[in-house]
Structure formats: C-alpha cells, structure tokens
Amino acid sequence: MDGRISGGPQVSAVRAWSFTAAMAAVAWLPLIGFLLLIAAGGLVWGGWQMIALPMLWLLPALYTRAVLPDALPGRAVRPDDEPELAALVRDMAERTGFGAPLLVRIVPEPAVLTYRVRIGGGHAYALLLGLPLVRALSATHLAAVIAHELAHERHFDDRRTRALLAARVALAERLEGRLRPLAPLAAPLLRATQPWPWQEELAADAEAARVVGGDAAREAVERVAVIDAAFDGIAQDWVEDLVEEGSYPVDLYEAFDLALQDPLVRARAAREDAEEEALDVYATATHPPTAVRTAALPHTGTGTSTSTSTSTSTSTSAAYGSAPLVLRDAEVVAEWCVQRLACADGPGGTLQAGGGGGALRPEDLKPVRLLQLDADRFRLPADGGHRAEALAAATGQSSPTGALRAALDAVADGDWYGLARRMRPRLRWLPAAVRRSLGCQVLASAMGAALVPLLLEAGWSCTSRWMSTVLTAPDGTVVDLYEVLVTAVDGGDPAPVHALLDKSGTEKAERA
C-alpha cells in the first residue's frame, strides 16, 4: 500500500513523514527541555549527579517500554467458550478480507480496538470488545462495529499511517495537562493532519455499511456514541463512589443496561457527546462528529450500492437479528469486568482505586447490588452536593437560595463567567474559543445542583430513576432543569429560573 487513505488527502510521503516528525518533536519537547536543563545545570555546577539521577529514574520506564512485552488487556474469549461470538467475528473477518490470526478479548469499557501483538515469534491481532457494547448492541450492530474495526487493519495497515496517527495521539495527550504553551505549536499540526484519521474512520464506516447495510452501520455509530458517553458519565461514577466506601457493584452492567433503556439517559448522553465534540478546539479528535459520520453513510436500498452488495448486507442483518448476542459465560465475564474496573490500575481497568493508594484486590472490597440501594443516591449528577457547595463558596452565600439568587444576579449583569471560573479555576487554561461555552455548562450544573433539592421539597419528583436534573412538577409538567439553566445563562435571561424558584415557594416565603 502507499499509505494513502481512499477518499482522503492525497499527499506525498515526504509531507506525511514531515508532519509525523514535527508532531513527535513537539510532543517530546517538554521532556527534551527538562533533560537539557538538567544537563546544563550539571555542566555549570559540575554536579554530574544531577544528570545521573534523572537518567537512573528514567531507565526502568525505558526498559519496560523497550524490552518487556505489554500484557494483553481484557479477558480472553475462546471459541469453545463463546462459539456464537467467535462465529460472528470469523464471519466479519471473512467478509472484510481480514486473513490474519485474530485473538478476541473482552474489556470492561465500551471500547472496540484492534492492534498487532507478537505471539510465539509470530504476529497476530487482538480484537478488544467492550462488554457494555456486547450487552447493549444488537448482534447486527455489533457485527457493524467489528467490521468497522477490522477494516482499519485490512485497508490502512501501513507504516506511514500508523506512525502519523501515533504521533497525533502522543501530541494530543500533551495538551490534556497544563502544558498549554505547547498549544500554539501543536494546534496547527493537529488541524493539518486531522483529515487523515477522519477519512480513515469514514472509509471504515463505508466498509461496515457494505457488509451489514447502511442503516445498520448508521444505527451502530449512533448507539456506540450514546453508550460510550453514558458509561463514562454514569457507570464510572457508580464504581468510583462505591470504591471510596470499600465496596463494588456486582450488578453494574445489569443496572447500566436498565439505565440505557431510559430515553432521558440516552438524550443526556447524546447531548454530552455533542458538547464534547464542540469543545475540541485543538482538533485532537480522531473520529469525526457523530452527525458527520451518520450523514456520510448511505441508506440501504437507495441505489448507492450494487444489487449484490445490498442483498449481501441485507442477508447479514437478517442472519444476526435485532437481539443482543448472549454470552454463555455472561455472569463470569461481568464479574471479572466489574472487579477490573474497581480494583485494577492497568490493562483492562481504568480506575485507580483507593484514591491513588495503589490497586486494590477484589477481596478488599465488599460486593453490593446497585439495584437494591437507595435510588436517590445514584441519580446524576453524582457530585451534586459538591457542585452546590462550590456555588455557595463562589458567591459567598451560606444558603442554596442565596447562592442561586447571587448567581442569577450575575447572569442578569452579564458577569457570570467570573463565578464559573471561581468554581473551575482550570477554565483559564482553556482557549478563549471554548471558555464561555464550558463556563456556561459549569455554572448551569452548579445552579441545578442547588435548585433540585428546593424543588423536591416543594413536592416535585424525579422523572427518571437515574437522573436528578429532569423533574416532574406537581401538575405533571416535565422540566429539564439543565436545559433551562443553560439557556438562561447563555442568553442572560434569569427570568425562567426565578419562575422555578417561585414555584418552589422559596422566594415567596423569604419575601413574606
């Protein structure tokens, strides 16, 4: 292959490698500067230990990266244990022309990823499938997701593309901390090279549509985005909250499956996905926005495919159906995944349990069932109390009502951003293009956390088992408080929020 993605930017090898080298250099610039500073200090003051000690500190990490093999993340799926899943993966490999040895492994998060591994002196590929996706997607949508991922390796597996995408990821990671001075150097490079991963994703989507049909591929893209955002915003909070108390939720995935059936949860997840995409001012995203991906996919039977490919994709969808693929060892796999989330700080786990005190063991935690706990405790946002306290501290008020009134006065005066920055000091590190939008979200969330208890005391009720920001008034009216608050802050009109305070009886009581 020549390294060019079909339908993507057609550039010379020299330009592609130049971008890769430039991004790698900027990504490593802080470390290079640090080492040069240490070396200069050693030369000036004659203290060679200033050079030796940092190098000794770096040697274990360099040795681990260069010599020791990476442990395969996830739990292995053997064909004899899960024949249905193995058959689906094998079918997708055949339909996409993927002929390399393939290892299938289940991971706790809603991830789908393939990468090359070395086994017994030879090369193979590992396909990581997130358990939330296996449980929540229909078999047809799961087939579309697998076909999409295998298409990456089948059609875009060349050294030039891999190097460029790896350099982009490394550079984007450097912008997540406080190294914002790198942004003027990094942002132009990331923007210039973003067409590569975006066109790769769109081409892989087209391959999935060829295999399972455009409609199924489109629905899979939409549902994966919702599941990913919901898991990050719901399930991760559940696990973190319980781990802090010395327990873990054995029915995490069962509870998450129920939460996904709530249309309010799905709407919230889709909104958060869109908001996150809008805040990508440095062009770090490797995937196009969900709306762009779905718009690029054809509708099945619209004439965009040949009759042969259309009939093939239709038969594929019919063969797998609309029900999720059931794992035979579902309980064992779910238990393993929950324990990895709660206890692991490494491959297969994303949380560091115990507040940074090292990885826990399953026997260190008490198993509990989420669905048997008080529902009010796990409604989103999980940190509502902290947000209300932050609003009170930022406004200098001691009561939720006083904090809300002070915030509404700031909204009316147009100087609300100062409150948001007092609650989230890291806003100052963000580019000007997104400060206002993110600050609006921060303030609206804090105001909602202070307003919800007042309305509940006045006889309102939570509309959803899983969310506290959507309430039902005594007359049956359903109100999305977050939407009302964001609109009020962004538009500078606090009247709708004052009306809600009046309905809670708080302001009337205080005026009396």
- Query: Label Ala25 and Arg162 with points 7 Å out from Cα along Cα→Cβ: what is the distance between them in nm?
  - Reply: 2.5
- So what is the accessible area of the stretch 227-282 per residue, in Å², with the probe set to 1.4 Å? 41
- Hey, if we sort His498, His152 by accessible area with the 1.4 Å probe, largest down, what's the order? His498, His152
- Message: So with the 1.4 Å probe, I'd like the accessible area per residue for the stretch 368-449, rounded to whole Å².
- Response: 49
- When only the heavy atoms of the protein chains count and the probe is 1.4 Å, how do Trp429, Trp198, Trp238 rank by accessible area, highest first? Trp429, Trp198, Trp238
- Item | Antiparallel content of DSSP bridges confined to the stretch 75-132, in %, to 5 | 65
- Item | Percent accessible area from carbon and sulfur atoms, the stretch 244-292, protein chains only, probe 1.4 Å | 55
- Task: Quote the relative contact order of the stretch 179-288 in percent (integer), defining contacts as alpha-carbon pairs under 8 Å separated by 6+ residues.
- Result: 44
- At a 1.4 Å probe, what is the % contribution of carbon and sulfur to the accessible area of the stretch 375-462? 49
- Query: Any idea what the alpha-carbon Rg over 2.2 N^0.38 Å comes to for the stretch 241-298?
  - Reply: 1.58
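The values are calculated or read from the model by the stated rules, or taken from the named source; none is laboratory data. Bear in mind that the values here come from a model prediction, so they are computed numbers and not experimental data. Using ideal geometry, Cβ is built from the backbone for each residue, glycine included, and neighbour counts are taken over all protein chains shown. All accessible areas refer to the heavy atoms of the entire protein, side chains included, with ligands and DNA or RNA removed. Shrake-Rupley method; radii C 1.70, N 1.55, O 1.52, S 1.80 Å.
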